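Asks: So that we are looking at the same thing, I have put the structure below in structure tokens.
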Amino acid sequence: MNIRKATYNDIPALMHIFDCAKSIMRASGNMHQWGSGYPSEEIVRKDIDAGVCYVMCDDDTAVATMAFIPGPDPTYSVIEGGAWLNDEPYHVIHRIAVAAPGKGCAHRLLDWAFERCSTVRIDTHRDNVIMHHILRRYGFKYCGVIYLANGDPRDAYQRSKDER
């Protein structure tokens, strides 16, 4: 499997991966995250334009994706019910999605991210039990609640290489 920057040609495959991820979420009881057409093709195009959208391929088939963005992230400037582990420079992972669970794709994406930076922050919906499990298993620490630009709360996590 290889991970590379996504291109406009990848958009149909990325949208399919997001649809698969939404189905996985709904099947696990997460009925509210990524509703109303999120993530949209427009958001994916913006991520590609910014050079932060990555795709994982198995041979020529796209199987997972994420946005890997250098911080600071404005939605992470205020955290309630806890605190960030440190104030080190960090990257953020948004819109991480896999087409099929159980193949280790999320773990590989996280490995790839930590090969490029030492501190990562990520957030997820309270009902996303699968992502909570993946993050804790990978060594992320729950830090508190952040709020998206639209006011929706998200459980926030951070991991630094030296704190695993």
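The values are calculated or read from the model by the stated rules, or taken from the named source; none is laboratory data. Please read all numbers here as calculations on a predicted model, not as lab measurements. In this analysis, Cβ positions are derived from the backbone assuming ideal geometry, glycine residues included, and neighbour counts consider all displayed protein chains.
Asks: Which numbered condition trips up R159, out of (1) charged (D, E, K, R); (2) part of a helix (DSSP H, G or I); (3) under 22 Å from V52 (Cα atoms)?
Replies: R159 satisfies all of (1) charged (D, E, K, R); (2) part of a helix (DSSP H, G or I); (3) under 22 Å from V52 (Cα atoms) except (2).
Asks: Separate question: Regarding R136, is this residue at pLDDT 95 or above and either of a type in the set (A, V, I, L, M) or outside any strand (DSSP E or B) (or both)?
Replies: Yes; evaluated as a whole, the condition is true for this residue.
Asks: Taking the stated definitions as given, is V63 surrounded by 15 or more Cβ atoms within 10 Å (Cβ to Cβ) and out of contact with any His (no Cβ under 9 Å at 6 or more places or on another chain)?
Replies: Here the answer is yes, as V63 does meet what is asked.
Asks: Considering only the stretch 123-155, state which residues are of a type outside the set (D, E), over 18 Å from H107 (Cα atoms) and in contact with a Phe, Trp or Tyr (Cβ under 9 Å, 6 or more places away or on another chain).
Replies: H125, C143, G144, I146, P153, R154
Asks: When you scan the stretch 128-139, how many residues do you find that are within 23 Å of V63 (Cα to Cα) and over 13 Å from the mean Cα position of the chain (by Cα)?
Replies: Total meeting the criteria: 5.
Asks: Moving to a separate point now. Please go through the stretch 4-41 and pick out each residue that is under 17 Å from V63 (Cβ atoms), surrounded by fewer than 15 Cβ atoms within 10 Å (Cβ to Cβ) and charged (D, E, K, R).
Replies: R4, K5, D19, listed by residue number.
Asks: In this structure, does P70 turn out to be at pLDDT 95 or above, within 15 Å of the chain's Cα centre (by Cα) and surrounded by fewer than 19 Cβ atoms within 10 Å (Cβ to Cβ)?
Replies: yes
Asks: Here's something else I'd like to know. Identify all residues within the stretch 139-153 that are modelled with pLDDT of 95 or more and either of a type in the set (S, T, Y) or farther than 22 Å from A83 by Cβ (or both); write none if there are none.
Replies: Y142, Y147, listed by residue number.
Asks: Could you list, in sequence order, all residues of the stretch 113-130 that are closer than 15 Å to V92 by Cα and either touching a helix residue (DSSP H, G or I) at 6+ places or on another chain (Cβ under 8 Å) or surrounded by 14 or more Cβ atoms within 10 Å (Cβ to Cβ) (or both)?
Replies: Kept after step one, since they are closer than 15 Å to V92 by Cα, are these residues of the stretch 113-130: 113-124.
Once the filter is applied, which keeps residues that are closer than 15 Å to V92 by Cα and either touching a helix residue (DSSP H, G or I) at 6+ places or on another chain (Cβ under 8 Å) or surrounded by 14 or more Cβ atoms within 10 Å (Cβ to Cβ) (or both), the stretch 113-130 yields A113, F114, C117, S118, T119, V120, R121, I122, D123, T124.
Asks: Let me ask something else. Using the structure shown, decide if R108 is closer than 24 Å to L14 by Cβ and at pLDDT 95 or above.
Replies: The answer is yes for R108.
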